[in-house]
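Sharing a structure with you now.
Read the figures in this text as sums done on the coordinates, not as results from a lab. What you are looking at is a predicted structure, and each value in this text was computed from that prediction instead of being measured. Methodologically, a virtual Cβ is constructed for each residue, glycine included, from the backbone with ideal geometry; neighbour enumeration extends over all protein chains shown.
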Amino acid sequence: MKRFWKEAAAVPAAGGWAIELDGKPLRTPARKPLVAPSEALSRAIAREWNDAGETVDPRAMPLTGLANAAIDRIAADPGSFAAGLAKYGESDLACYRAEGPRELVARQEASWDVLLGWARRRFDVDFCTTSGILHLPQPEETVRRLTHAVASLDPFSLAGLSPLVTISGSLIAALAVAERQLSPRQAWEAVTVDEEWQREQWGADADAEAALGSRRSDFFAAARFLELSGSQ
């Protein structure tokens, strides 16, 4: 898409803050008005449109993309979307540990035990951990309470939470970021323990580094979206 506007601006609207392009409302791909829940998020989305070049690159506008998802995909049936996302809690990254070497196991314990400890206290649940990749069912009450925690979120929060979960493989880490118990940097370091270990042992691979960098950008953009969505 070629740039057709001169200036984007955030303006008050029913239900939140809208974005206008040269005074006309910005709409989602489904032609719904793009209305954000907070002024901070709407201003950040407007900034993405102001910073766009002559040819629009959607990859450079992650906040807009997440807002579109919240409005077009999630808002119609947030319960079903939340249920799909909550299933990651049944096989959370933090519950599956390496069998060796010992140094890697120790790093996983140092990072992931903190995550599970926070979730135990926050949701009053327990977790089963294992070594290897074979599926280990979690207690029914744990699954129920984590599912409830996700289901209580609004569509914009679900839109931001989703990439954090799918990129990291950890619902617990994503919820910790959403509740500001971990910074995005702390969470990213925790969920990439294995990748960092591989890099140290075998060196950096250009393709793997590019893929990891793309995942990191998407992870941090989702965390920023979550933070801005809750800002007043």
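Normalised by the residues of the chain, what does the relative contact order come to in percent, with Cα pairs under 8 Å and at least six apart?
22 percent
Could you sort 202-211, 116-125 so that the peptide with the highest average Cβ count within 10 Å comes first and the rest follow in order? Intermediate values should be presented prior to the final figure.
Numbers: 202-211: 9.9, 116-125: 15.7.
Final packing ranking: 116-125, 202-211.
Another question about this same structure. Among L182, L66, L136, which one moves the most in a GNM of the chain with springs linking Cα atoms closer than 10 Å?
So, out of L182, L66, L136, the one fluctuating most is L136.
Mind running the shape call on region 137-232? Use the C-alpha gyration tensor, a ≥ b ≥ c as the square roots of the eigenvalues: rounded below 1.5 for a/c, prolate if a/b tops b/c, oblate otherwise. Please report the intermediate quantities before stating the final value.
On the way: a/c = 2.55, a/b = 1.51, b/c = 1.69.
The shape class here is oblate.
Also: Taking Cα extents along the principal axes in Å as the quantity of interest, determine which of (1) 49, 41, 40; (2) 60, 42, 26; (3) 63, 37, 28 was computed from the displayed structure.
It is the value labelled (2).
Okay, next question. Placing unit charges on C-beta atoms (Lys and Arg positive, Asp and Glu negative, everything else neutral), compute the dipole magnitude of region 78-229 about its Cα centre in debye, rounded to 20. The partial results should precede the final answer.
Details: 15 positive and 22 negative charges, 85 e Å.
I would put it at about 420 debye.
Please report D113, D72, D92 as a ranked list, fewest other C-beta atoms within 10 angstrom at the top and most at the bottom. All intermediate terms of the calculation are to be shown ahead of the outcome.
On the way: D113 13, D72 16, D92 25.
Exposure proxy ranking, most exposed first: D113, D72, D92.
Scan around R27 for amide H atoms under 5 Å from its own, H built in the peptide plane at 1.01 Å from N, and keep only partners 5 or more places away or cross-chain.
The list, which skips near neighbours in sequence, is L34.
Distance from the Cα centre of region 98-128 to that of region 140-165, in angstrom?
Comparing the Cα centres of region 98-128 and region 140-165, I get a distance of 20 Å.
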